[in-house]
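A short worksheet on the structure shown next.
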């Protein structure tokens, strides 16, 4: 089991005299393999807030209306992850005819993942490969080989097609391109958000992280196409069709924001079976299937 202590601090200055509305997606998700054993939320303003859990995705959304002036949001959690682990070689793709209904939406094009535009490209590149986990690994490796990670090289309008052309981006761009190529060969894939545990400090301070979950063998498996984080240390926050579904903050009103401050610490407790995250060759999932 992996235990991660997570701390997130968000700071805003609300300029709108009428205040501003916020929808946050920063709470760690409850899944079959991920238990939030303790968590706290602190708001610097005495405002009413509410948390809604999406029944389809399990994403947890914090909603509030902030008043003019400074607003600080602090969230902390202890998260225990007992990954489903299996040797990757035997995991097969699920034929479209047998896909569960809840996965079908992750076959279709979406705002940032225009899989319909890359069908021929994807089939030419990956169509002849043996179907299964190995083909998804080949797609992930292609994205890593083609795209260079560089901060501040994309924006909120950058799509998977843009990334394929420009060959540079940040973690969300790697994720969008991998998702798009998977969908183009009829493999359900979704966008996931967490924090970048294990990332090289040279890439910058700790931040939110975008990765990919692909539906294979009856459950969602984790892939990190940017290769910048350690998959075993990823705490799932949200999942969606692409980044538009799982922004950590959606703001309605005149607001100035500062960069988030994020800390993730792994806890080791060997007598209780708690180990530090590490790289492995097994397929990992925090999904219950």
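The values are calculated or read from the model by the stated rules, or taken from the named source; none is laboratory data. As the structure is a prediction and not an experimental result, all values here were calculated from the model. As a convention, Cβ positions derive from the backbone with ideal geometry for all residues, glycine included, and neighbour counts pool all protein chains shown.
For the range 186-197, give me the residue count where each residue is touching a strand residue (DSSP E or B) at 6+ places or on another chain (Cβ under 9 Å) and in a loop (DSSP other than H, G, I, E, B). Please lay out each step first, then the result.
First, pick out the residues of the range 186-197 that are touching a strand residue (DSSP E or B) at 6+ places or on another chain (Cβ under 9 Å): 187-197.
Narrowing further to those that are in a loop (DSSP other than H, G, I, E, B): 187-188, 196-197.
Qualifying residue count for the region: 4.
Regarding residue 202, is this residue farther than 26 Å from residue 287 by Cβ and over 20 Å from the mean Cα position of the chain (by Cα)?
Working: farther than 26 Å from residue 287 by Cβ: yes; over 20 Å from the mean Cα position of the chain (by Cα): yes.
Considered against the rule, which asks whether it is farther than 26 Å from residue 287 by Cβ and over 20 Å from the mean Cα position of the chain (by Cα), residue 202 comes out as yes.
Taking only the range 91-115 into account, find how many residues are surrounded by 11 or more Cβ atoms within 10 Å (Cβ to Cβ) and either touching a helix residue (DSSP H, G or I) at 6+ places or on another chain (Cβ under 8 Å) or assigned to a loop (DSSP other than H, G, I, E, B) (or both). Lay out the reasoning, then the answer.
Here is the first cut: in the range 91-115, the ones surrounded by 11 or more Cβ atoms within 10 Å (Cβ to Cβ) are 91-94, 96, 99-100, 102-115.
Next, from what is left, pick out any that are either touching a helix residue (DSSP H, G or I) at 6+ places or on another chain (Cβ under 8 Å) or assigned to a loop (DSSP other than H, G, I, E, B) (or both): 91-94, 96, 99-100, 106-115.
Residues meeting the conditions: 17.
Of the conditions (1) modelled with pLDDT under 95; (2) part of a loop (DSSP other than H, G, I, E, B), residue 202 clears all except one; give me its number.
That leaves (2) as the condition not met.
Which of the residues belonging to the range 60-90 are touching a helix residue (DSSP H, G or I) at 6+ places or on another chain (Cβ under 8 Å) and either closer than 13 Å to residue 22 by Cβ or assigned to a loop (DSSP other than H, G, I, E, B) (or both)?
Correct list: 83 only.
What is the number of the single condition among (1) more than 23 Å from residue 163 (Cβ to Cβ); (2) not in a loop (DSSP other than H, G, I, E, B) that residue 280 does not meet?
Evaluating residue 280 over (1) more than 23 Å from residue 163 (Cβ to Cβ); (2) not in a loop (DSSP other than H, G, I, E, B) leaves (2) as the failure.
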